[in-house]
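Trainee: Take a look at this one; I'll ask things after.
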Amino acid sequence: MKLRQVPLQCVSLVASIGMAVAAPSVEQLQKVAEAAHAKFKDLDEGKNADYIPALAEVPSELFGIAIVTNNGDVIKVGDTDAVYSIQSCSKVFTMCLVMNESGANSVLTKINVEPTGEAFNSVRAIEEGDGRADNPFVNAGAIATVSMIKAKDAEERWQKIIDTYEAFAGSKLTVLPDIYKSEAETNFRNRGIAHILYNSGNLFCDPLEATEVYTKQCSVGVNTEQLAVMGGTLANGGVNPVTKKRCLPEEMVPQVLAVMTMNGFYDGSGQWAWKAGLPAKTGVGGGIVAVVPGEMAIVGFSPPLDEYGNSIRAQKAIEYISQELGVSIFED
Ligand code: GLN
């Protein structure tokens with residue numbers, strides 16, 4: 001029986017056996033975020049993505065943490081004003097756009113939601129499966145997601161994406177031109193992936209249009225607070241906790257969080273679930289957005305990445321905060 005279905009007279013019993021735990025205060029969150037920042041700021045592991053040349057130029061020492069609660073409180077530590085490319089964190093929000101437009105099932109049937117156990121830009125994973133892109137968070141699935149947007153041309157497709165991201169962020173966002181140029185000049189592998197999908201009927205617009213718009217969405221600039229408001233909208237049942245605007249129907253949020261849990265760290269997703277226990281999504285720009293359902297979003301940003309393409313300082317910081325707060329979704 002779901003808690004929502006518990007008869008009213010039982011609610012106080014449920015509370016008295018300890019299911020209702022007080023949310024941490026803003027001061028507690030500030031302290032734990034500061035401790036995480038202090039603990040990992042000198043950690044010198046991993047390296048910036050360099051297969052997109054402009055990402056190699058971003059200062060590696062940048063490190064920011066932001067938490068946005070469902071009350072709209074914002075906690076910030078470190079380089080939270082630095083603007084960086086959203087990269088694959090964007091894939092979550094384009095999926096939300098398509099779910100909004102065509103229903104959640106459209107993603108399940110046309111793309112699927114299964115982990116690949118392969119790198120985010122794997123071609124083998126598409127070939128070994130049934131031709132579908134496997135899940136919306138590998139590049140194949142994200143490009144397929146872009147192709148599912150109902151649009152007559154690239155411009156309309158792009159406009160719907162940026163409108164969606166701005167609603168989730170509650171602020172204006174723009175493309176970082178240097179990142180976009182650098183990625184557009186070098187995205188041959190993604191163009192190849194799009195053509196493979198198109199060839200088997202699993203990409204739903206012109207493959208070069210889908211790749212171009214996908215590349216643009218990855219180049220959107222965010223700061224750590226903006227990304228935390230985007231995640232906070234998912235933590236808050238689809239309603240932006242700052243603007244109070246609904247961005248996604250509440251019943252779709254668990255499905256979004258399920259895809260984040262299974263695929264958010266690519267072939268590092270199992271280890272992440274083990275350590276942090278939170279639905280999350282990473283980007284090769286160094287951002288990670290994690291969701292504590294019903295409570296808050298926790299975002300970390302730092303460019304150096306591990307072998308899967310996930311920011312090392314950001315994942316360590318979020319793991320630490322999750323463990324300190326005891327907010328893994330697998331804990332009762
Ligand atoms: N734009 C990047 C790419 O297509 C995104 C990859 C990522 O963030 N993991 O390779």
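The values are calculated or read from the model by the stated rules, or taken from the named source; none is laboratory data. Since this is a predicted model, take the numbers as computed values, not measurements. Counting neighbours? That spans all protein chains shown, and the Cβs are built from the backbone with ideal geometry, glycine included.
Trainee: Determine whether the stretch 243-252 contains at least one residue that is assigned to a loop (DSSP other than H, G, I, E, B), at pLDDT below 95 and over 27 Å from G117 (Cβ atoms).
Mentor: The answer is no, given that none of the residues of the stretch 243-252 is assigned to a loop (DSSP other than H, G, I, E, B), at pLDDT below 95 and over 27 Å from G117 (Cβ atoms).
Trainee: Answer yes or no: is there a residue in the stretch 111-119 that is out of contact with any Pro (no Cβ under 9 Å at 6 or more places or on another chain), closer than 24 Å to T224 by Cα and touching a residue at least 12 places away in the same chain (Cβ under 8 Å).
Mentor: No, the stretch 111-119 contains no residue that is out of contact with any Pro (no Cβ under 9 Å at 6 or more places or on another chain), closer than 24 Å to T224 by Cα and touching a residue at least 12 places away in the same chain (Cβ under 8 Å).
Trainee: Which residues, counting only those in the stretch 108-130, are more than 21 Å from L257 (Cα to Cα) and either within 13 Å of the ligand (Cβ to nearest atom) or surrounded by 15 or more Cβ atoms within 10 Å (Cβ to Cβ) (or both)? Steps first, please.
Mentor: So in the stretch 108-130, the residues more than 21 Å from L257 (Cα to Cα) come out as 121-130.
Scanning the stretch 108-130 gives N121, S122, V123, A125, I126, G129.
Trainee: Looking at this structure, is G221 at positive phi and either within 16 Å of the ligand (Cβ to nearest atom) or buried (at least 20 other Cβ atoms within 10 Å of the Cβ) (or both)?
Mentor: Values: at positive phi: no; either within 16 Å of the ligand (Cβ to nearest atom) or buried (at least 20 other Cβ atoms within 10 Å of the Cβ) (or both): yes.
It is false that G221 is at positive phi and either within 16 Å of the ligand (Cβ to nearest atom) or buried (at least 20 other Cβ atoms within 10 Å of the Cβ) (or both).
Trainee: Among the listed residues M262, M296, identify the single one that is of a type in the set (A, V, I, L, M) and surrounded by fewer than 19 Cβ atoms within 10 Å (Cβ to Cβ). Before you say what the answer is, go through the steps one by one.
Mentor: Details: M296 fails: surrounded by fewer than 19 Cβ atoms within 10 Å (Cβ to Cβ).
None of the other options fit; the residue is M262.
Trainee: Another question, if that's okay. Looking only at the stretch 269-290, filter to residues that are more than 9 Å from the chain's Cα centre (by Cα) and of a type in the set (A, V, I, L, M); which one of those is surrounded by the fewest Cβ atoms within 10 Å (Cβ to Cβ)? Quick ask: steps written out before the conclusion?
Mentor: So the first thing to find is which residues in the stretch 269-290 are more than 9 Å from the chain's Cα centre (by Cα), and the list is 269-278, 284-286.
With the extra rule that they be of a type in the set (A, V, I, L, M), the set shrinks to 273, 276, 278, 284.
Details: A273: 19, A276: 24, L278: 28, V284: 24.
Checking each candidate, the answer is A273.
Trainee: Kindly establish whether L234 is touching a residue at least 24 places away in the same chain (Cβ under 8 Å) and under 25 Å from A290 (Cβ atoms).
Mentor: yes
Trainee: Same structure, new question: What are the residue pairs meeting all of these: first residue in the stretch 208-226, first residue under 16 Å from L173 (Cα atoms), second residue near the ligand (Cβ under 10 Å from one of its atoms) and not in a helix (DSSP H, G or I), Cβ atoms under 6 Å, and 6 or more apart or on different chains?
Mentor: T215/N187; S219/S85; V220/I86; V222/I86
Trainee: Within the stretch 280-293, work out how many residues are assigned to a loop (DSSP other than H, G, I, E, B) and under 13 Å from T233 (Cβ atoms).
Mentor: Just the residues of the stretch 280-293 that are assigned to a loop (DSSP other than H, G, I, E, B), to begin with: 283-286, 293.
Keeping just the survivors that are under 13 Å from T233 (Cβ atoms) gives 293.
Within the stretch 280-293, residues that are assigned to a loop (DSSP other than H, G, I, E, B) and under 13 Å from T233 (Cβ atoms) number 1.
Trainee: Of all residues in the stretch 60-77 being under 23 Å from G294 (Cα atoms) and polar (S, T, N, Q), which is surrounded by the fewest Cβ atoms within 10 Å (Cβ to Cβ)?
Mentor: N71
Trainee: Given the conditions (1) within 22 Å of the chain's Cα centre (by Cα); (2) of a type outside the set (S, T, N, Q); (3) within 12 Å of the ligand (Cβ to nearest atom), report the number of the one that D163 does not fulfil.
Mentor: (3)
Trainee: Now, a different point. Looking only at residues in the stretch 51-96 that are part of a loop (DSSP other than H, G, I, E, B) and within 12 Å of the ligand (Cβ to nearest atom), which one is nearest to the chain's Cα centre (by Cα)? Outline the logic, then answer.
Mentor: Taking the stretch 51-96 first, the residues part of a loop (DSSP other than H, G, I, E, B) are 51-52, 58-63, 70-73, 79-83, 86.
Pick out the ones that are also within 12 Å of the ligand (Cβ to nearest atom) and you get 51-52, 86.
On the way: Y51: 21, I52: 19, I86: 9 Å.
Across the stretch 51-96, the extreme among qualifying residues is I86.
Trainee: Moving on. Can you name the residue in the stretch 192-224 that is part of a helix (DSSP H, G or I) and under 14 Å from the mean Cα position of the chain (by Cα) and is also farthest from V123 (Cα to Cα) among such residues? Let's see the steps before the verdict.
Mentor: Pass one, the stretch 192-224, residues part of a helix (DSSP H, G or I): 192-199, 207-218, 224.
The next check asks that each one be under 14 Å from the mean Cα position of the chain (by Cα); those that pass are 217-218, 224.
Working: Q217: 21, C218: 19, T224: 31 Å.
So, considering only residues that are part of a helix (DSSP H, G or I) and under 14 Å from the mean Cα position of the chain (by Cα), the one farthest from V123 (Cα to Cα) is T224.
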